[in-house]
Each structure stands twice: as C-alpha cells, then as structure tokens.
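Reviewing the structure listed below.
The values are calculated or read from the model by the stated rules, or taken from the named source; none is laboratory data. All values derive from a computational prediction rather than experimental measurement. Cβ placement follows ideal geometry from the backbone for every residue including glycine, while neighbour counts extend to all protein chains displayed. Only protein heavy atoms, including side chains, enter the accessible area calculation; ligands, DNA and RNA are left aside. Shrake-Rupley method; radii C 1.70, N 1.55, O 1.52, S 1.80 Å.
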Amino acid sequence: MTMVDSARLGKASRVVDAPGRYIEFCKSTLDSGVSFKGLKMVVDCANGATYHVAPAVFEELGAEVLTLGVDPDGLNINTDCGSTSPRALQAAVLEHHADLGIALDGDGDRLIMVDHKGEVLDGDELLFIIARDCKNHGEVPGVMGTLMSNLGLEHALKEEGIAFERAKVGDRYVMATLHKNGWSLGGESSGHILCLDRTSTGDGIVSALQVLAAVVHSGRSLHELKQGMSKYPQSMINVRLQPSFDVMASSQVSEAVKQAEQELADKGRVLLRPSGTEPVVRVMVEGVDAVQVGTLAESLAATVSEAMAD
C-alpha cells in the first residue's frame, strides 16, 4: 500500500480577496468604456449571497447606489425583500426618485428590476431588452425561453428578426438547449437569465449589468426600453390530479384544448403542464384579450375536472 503524507490531506485555504476578484469579474463582463455615472439606483440583495459585493460592483462603475437587503442574520434571506418580493424596492425607487431598482434573490442568480415609475420588469422583459441591445451591437442567432415565457416576448423578438425557441421549465433545460443550438442568451420569466457569452452560468449581477448597458447604449430609461415588448394577459389555474389520471391522454381534454386554440387563433396559446412537484396540472391560457383568456382558462380547468370524474 502506498503511504500518503497526512500533512498533505484535508487542507483548506481561504481566498482572502475573493470578493474583490468577483467584483472585478462582474465588471469585466461589460464592454470597455461603459459607465453608469449619473444613474441613481436602489439595489436589493435579499439579505443573501450578494449583499457584500453587488452594491460595490455598481458603485465602482459610477452609479449612485442605495441599498436594501444587505443585513443578513442567517434567517431573513428573501424575507419580504429581493426578487421574490419587490414591493419594498418599488417603494424605495419612488421615495428616493431613483432611475431604477435592481432586485436579486438569496443565492444571486435571479434578477427582477423596477423602473423609475415603480413598475416591475420580469425576466421576459429583461431578456427582451438584452436581446435587442445585443442585436443593435452585433448578432443574436436566437433567444431561448421556456414553455412559460410570455407570448409577448416571442412576438416582440420576431418583430426584431430574432429567433425564439422554448425549452422545458428550469434553467438547466434552458442551458442544455442553448448549448444544443449554439446560442448564448436565454432565460425564464422568474428572472433566471443566462448570458453565456459573458459567463458560464446564471448570475443576477452579470444579467443586471447587461440590462444597464442597454440603458447606457440607448440613452433611454428602463421604462422606455420595456415599451418594445407588450406582455399578454395570462391566466393559470391549478387543477388537482388523481394519481391514475393521465390528463395528456384524455380525448375530452384534447378536444377542449383544440377548440380553445382555434378561438385564440394566432393571438394566444394554451398550455397544460403537469407539475413536477405537486399532484396538479397547470392550465395556462394567454392572449390579447384578458376577459377571453380568463374565460377559456376556467373552461379548460372545468373540463379537466369533469374528465377525471367520468
């Protein structure tokens, strides 16, 4: 048996300048010469992983930064703050007359933003802004969304001449299909955005920097930039499933879906998606007319319930 020097085993070392290295990495994902001087922003770090570095990134790039969610105590992560609860950020942006707000989640991979009017921009809207800016400064072969991405994103990208495809829900599926297509930009409505030409995984700070770069490049406000995309009304109803019922195999449900799709024509879509974590099927309808969308969703949900009872 080969003997191993025990002094060489079980050793760990602290990288004392890790925050500084990460700050410099984030800044390096911006094109040279981009400055946020003159921008006033509120940054909500959700009392999570980015509390120490995110404000520094934006400050070192010239922005005036006010902070929220930078006092973690081990228990308050994501509690009434961050991207999953942006109300405090909305209020702070309005109170301090900031140009915009940035909300990250506890582990720092999710991004939601708020414009100067206090209106929230979700992942779909942010993805559109990044994609259009990339197109204006180069080439965008395509953008990857998910089954839940708003139809408004698909239509807005089409108007820009940018291809769009959908992956299954989950950033790992978005990542896999991006690699398959040889694309670099994709994301989810929740704010998980992948900019693989900038970094190898989802990173809320890096994603925010790309949105801010679009603001600087265009000379327009975040509120103005989001006008290029109109979100379609969406209604989703969860219907509890019996263990033995295969909703996707029901002819009754299939016929109801077909009729709903015909009624929506090319101005909407229908999605029935069994949950991977709960015994429910998510019945989702979106389209131009909010009343029609709500009515069709309720009708389809009722059909699913009736089919299980037969």
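If we count every other residue with Cβ under 13 angstrom of Gly202's Cβ, Lys/Arg +1 and Asp/Glu -1, where does the sum land?
Details: positive: Arg110, Arg172, Arg198; negative: Asp105, Asp107, Asp109, Asp171, Glu188, Asp203.
Net charge around Gly202: -3.
If you count the DSSP beta bridges with both ends in the chain, what percent of them are antiparallel, to the nearest 5?
If we restrict to bridges inside the chain, about 60 percent are antiparallel.
Could you let me know the centre-to-centre spacing of the stretch 76-98 and the stretch 130-195, using Cα atoms, in angstrom?
27 Å
Please calculate how many Å² of accessible area the chain carries per residue, with a 1.4 Å probe and no DNA, RNA or ligand atoms counted. Working shown, then result.
Details: 15390 Å² over 310 residues.
For the chain, the per-residue accessible area is 50 Å².
What's the extension gain from Leu147 to Lys135 if we count 0.36 nm per residue and subtract their Cα-Cα distance?
Stretched out fully, the Leu147 to Lys135 stretch lengthens by 2.0 nm.
Only Lys, Arg, Asp and Glu count, each charged at its Cβ (+1, +1, -1, -1), so figure out the dipole size of the chain about its Cα centre, rounded to 20 debye.
Charge dipole of the chain: 600 debye, to the nearest 20.
Ala167's amide H: which non-local residues (gap 5+, or another chain) put their own amide H closer than 5 Å, with H modeled 1.01 Å from N in plane and none for Pro or chain starts?
Placed amide hydrogens put Gly145, Thr146, Leu147 under 5 Å from Ala167.
Between Gln262 and Glu278, what is the spin-label point distance in nm, taking each point 7 Å from the Cα along the Cα→C-beta axis?
Placing both labels 7 Å along Cα→Cβ, they lie 3.2 nm apart.
Give me a comma-separated list of calculated 3J(HN,Hα) values for the stretch 222-229, in order, Karplus coefficients 6.51, -1.76, 1.60 applied at θ = phi - 60°, integers in Hz, x for any Gly or Pro.
Listing the rounded values in order: 4, 4, 5, 5, 6, 5, x, 10 Hz.
Could you work out the longest stretch of the chain that avoids the trypsin sites (Lys or Arg not before Pro) located in DSSP loops with at most 15 other Cβ atoms within 10 Å?
38-116
Can you return the lysines within cross-link range of Lys158? Criterion is Cα-Cα under 23 Å, with same-chain partners fewer than 8 residues away left out.
Answer for Lys158, where 23 Å is the Cα cut-off: Lys135, Lys168, Lys180, Lys226, Lys231, Lys267, listed by chain and number.
Excluding residues fewer than 8 places away in the same chain, name every one of the aspartates and glutamates whose C-alpha is closer than 17 Å to that of Lys27.
Leaving aside aspartates and glutamates fewer than 8 places away in the same chain, those within reach of Lys27 are Asp17, Glu59, Glu60, Glu64, Asp109, Asp197, Asp203.
Rounded to the nearest 500 deg cm²/dmol, what is the calculated helix-only ellipticity per residue at 222 nm for the chain, with -39500 (n - 2.57) per DSSP H run of length n ≥ 4?
Result for the chain, helices only: -11500 deg cm²/dmol.
Expressed as a rounded percentage, what relative contact order does the chain have, with Cα pairs under 8 Å and six or more residues apart? Please list the in-between numbers first.
Details: 581 pairs, mean separation 41.0, N = 310.
That works out to 13 percent.
How many nm separate the modelled label positions at Ala163 and His179, each set 7 Å beyond the Cα in the direction of the Cβ?
My value for the distance between the label points is 1.9 nm.
Need the C-alpha centroid separation for the stretch 31-55 versus the stretch 236-310, integer Å.
After rounding, the separation between the Cα centres reads 41 Å.
Probe radius 1.4 Å, ligands and nucleic acids ignored: give me the carbon and sulfur share of the accessible area of the chain as a rounded percent.
49 percent
With each label point set 7 Å from Cα along the Cα-Cβ vector, what nm distance links Met248 and Asp31?
Calculated label separation equals 4.2 nm.
Could you list which residues have their amide H under 5 Å from that of Glu160, counting only those 5 or more apart in sequence or on another chain, with H placed in the peptide plane?
Long-range HN contacts for Glu160: none found.
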